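Peer 1: Following this message is one structure expressed as structure tokens.
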């Protein structure tokens with residue numbers, strides 16, 4: 001999956017937490033988020049806040065679908081709240097699909 005189709009797919013499934021997301025879809029959307037958030041932060045605090053809120057739901061959805069792709073529940077994303085759990089999530093997100 002290329003950059004444009006990954007971003008389109010994530011926005012087409014804006015709040016879709018069921019199904020699966022490939023590694024390429026997840027990481028291309030992650031890169032899109034980073035780029036957009038950097039640009040938004042340059043434009044100001046209000047713009048950054050609005051963009052962050054707009055990208056929150058699709059980011060959670062694609063993260064849950066990526067975890068489903070490796071055989072885990074999307075609820076594992078709550079590990080982000082622990083701080084150190086981010087490392088475990090990154091490890092899972094880079095794993096190949098489980099068929």
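Please treat every number below as a calculation from the coordinates, not as lab data. Fair warning: this is a prediction, and the values are worked out from it, not measured in the lab.
Peer 1: Pick out which of 70, 39, 84 has the largest mean-square fluctuation in a Gaussian network model of the chain, springs linking Cα atoms closer than 10 Å.
Peer 2: Highest fluctuation among the options: 84.
Peer 1: Would you mind estimating how fast the chain diffuses translationally, via Stokes-Einstein at 25 °C and 0.890 mPa s with the Kirkwood radius over Cα pairs, in µm²/s?
Peer 2: The Stokes-Einstein estimate is 177 µm²/s.
Peer 1: Specify the angular offset, from 0 to 90 degrees and rounded to the nearest 10, of the alpha carbon long axis of helix 23-43 from the longest principal axis of the alpha carbons in the chain.
Peer 2: With rounding to tens, the tilt is 20 degrees.
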